[in-house]
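What follows draws every value from the coordinates through simple rules; no lab data is involved. What you are looking at is a predicted structure, and each value in this text was computed from that prediction instead of being measured. Cβ: placed from backbone, ideal geometry, glycine included. Neighbour counts: every protein chain shown.
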Amino acid sequence: MPNPQGIHARPAMLIAKTASGFQADVAIRRDDTDVNAKSTIQVLTLVAERGARLRVRARGADASAAVAALVALVRRGFDEMEPAAAER
């Protein structure tokens with residue numbers, strides 16, 4: 001994850017908002033913990049600092065689009081970074 005602050009309140013909210021835009025069930029996994037990506041509170045419980053390895057999974061009609069949208073959001077550094085910095 002490129003964002004220097006990792007997943008704090010604002011990124012967790014953006015993840016939940018993005019995931020909620022899809023019908024698919026969307027989950028994020030860190031280590032052996034899975035959480036509902038549509039829940040800001042559950043995303044925060046991952047305590048994902050910079051460099052944390054996360055896995056996004058989705059099931060449902062628009063699952064591929066949901067995963068792609070969340071991966072893009074993370075790669076953009078949750079829109080909190082300069083574009084060149086988010087690509088690192």
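Using a 7 Å offset from the Cα along the Cα-to-Cβ direction at both M13 and R55, what is the distance between the two label points in nm, to one decimal?
3.1 nm
Helix 9-20: angle to the longest alpha-carbon principal axis of the chain, degrees 0 to 90, nearest 10?
Taking Cα atoms only, the helix is inclined about 30 degrees.
Measuring from the lowest to the highest alpha carbon on each principal axis, how far does the chain reach, largest first, in angstroms?
Reported extents, whole Å, longest axis first: 33, 23, 19.
In degrees between 0 and 90, to the nearest 10, how far off the longest principal axis of the chain does helix 63-75 point, with axes built from Cα atoms?
10 degrees
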